[in-house]
Amino acid sequence: MAFEGLTNRLQNVFGKLRGKGKVSEDDVNEAMREVRLALLEADVNFKVVKDFIAKVKERAIGQETMKSFTPGMVIIDIVNKELTELMGGTQSKLAKSNKPPTVILMAGLQGAGKTTSSGKLAKMLLKDNHRPLLVACDIYRPAAIKQLQVLGEQIGAPVFTLGDQTSPVDIARSGLQHAKENGNDYVIIDTAGRLHIDEALMEELRQIHDVAKPDEVLLVVDAMTGQEAVNVAESFHGQLELTGVVLTKLDGDTRGGAALSVKAVTGCPIKFAATGEKIEPLEPFHPERMASRILG
Ligand code: GDP
């Protein structure tokens, strides 16, 4: 299960603290040394770890903690709050345009889970009584269009395609027009990915962006790739002004690094968490729930 290693290690550290009636500054320092190692081992960005530990220490070594009858609990509470802050504090909601349709551009590397997440997002919107339109702009990966059509049929959402001989920019433009004519209040544009970030991919995304003027640019990243996911997010953000991240494959044995670092490194909030290959509604990402889950 995701975060298992991190959760076990943190529980160990806090177990020791909890047993103590009083904690000294040395106890806090020792605990923080162990938390630091646990976070690094979970593949959390080293700068993020450094700042995090400094913040927790500053609060934990304050008067209140030391005087408390349950100092261990106070420190766990501080860690919980700081973890929540690290992941964005509060839930970051999906944008909604005053002038429908709300346009959502889905970007990401190949295999991150873009098409699957587009389907899950549509399913979430359907559940909330919206009328999403999926637009198939990945004309390069064989079967990508078909995959989206199958998904659309499965969940009952229309899919707009012009095949693989029209440029993605034209498909986006026509898809938007189609949505306006058919009363779709959300448009989800599934774009092509590449194995690596390259200029051609970015240029195409920028052109689609110019035409579609999205209210949301969601980057889909694979949580299992840890720091690589954070690097990818940083590169995309530098070129495309992301509005949010969809973190996929949280059902796998991800060590947690991506979930804990993306917001701090890029400033871009995680808006959704995805689990499983089955098309279930996408889950909004709740920093406070994730922090509690990590702490076990
Ligand atoms: P794309 O190239 O970014 O469009 O990626 P796909 O949506 O085709 O997904 C690539 C693979 O990852 C497929 O086999 C999906 O079933 C799988 N996948 C996508 N999202 C998840 C997820 O949240 N959890 C798991 N376990 N697998 C996922």
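The values are calculated or read from the model by the stated rules, or taken from the named source; none is laboratory data. Computed from a prediction, not measured in an experiment: that's the story for all the values here. Positions of Cβ are backbone-derived with ideal geometry, glycine not excepted, and every protein chain shown enters the neighbour counts. The protein model used for the area step is the full one, side chains on, heavy atoms only, and it has no ligands, DNA or RNA in it. Shrake-Rupley method; radii C 1.70, N 1.55, O 1.52, S 1.80 Å.
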query = Rounded, prolate or oblate: which fits segment 82-177, taking a ≥ b ≥ c as square roots of the Cα gyration tensor eigenvalues, rounded meaning a/c under 1.5, else prolate when a/b beats b/c?
reply = prolate
remark   = In debye to the nearest 20, the charge dipole size for the chain, taken about the Cα centre with +1 at each Lys and Arg Cβ and -1 at each Asp and Glu Cβ, equals 780 debye
ask   = Suppose R0 equals 41 Å; then what is the FRET efficiency for ASN12 and LEU126 from their Cβ-Cβ distance, rounded to the nearest 0.05?
value = 0.40
key: Close Lys-Lys pairs in segment 177-296, where close means Cα under 29 Å and separation is 8 or more or interchain   = 10
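Output the peptides 5-18, 116-129 sorted from most to least packed, where packing is the average of other Cβ atoms within 10 Å over each peptide's residues.
Descending packing order for the listed peptides: 116-129, 5-18.
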remark   = The distance between the Cα centres of segment 110-166 and segment 1-45, in whole Å, is 42 Å
query = Quick one: if the Förster radius is 30 Å, what FRET efficiency do MET73 and LYS50 give, using the C-beta to C-beta distance and rounding to 0.05?
reply = 0.75
remark   = Taking a probe of 1.4 Å and leaving out DNA, RNA and ligands, the chain shows per residue an accessible area in Å² of 46 Å²
Inter-site label distance for ASP251 and GLU280 at 7 Å from Cα along Cβ, in nm = 0.7 nm
ask   = Considering the dipole of the chain built from charges on the beta carbon (Lys and Arg +1, Asp and Glu -1) around the Cα centre, which of ILE270, VAL217, ILE53 is farthest to its positive end?
value = ILE53
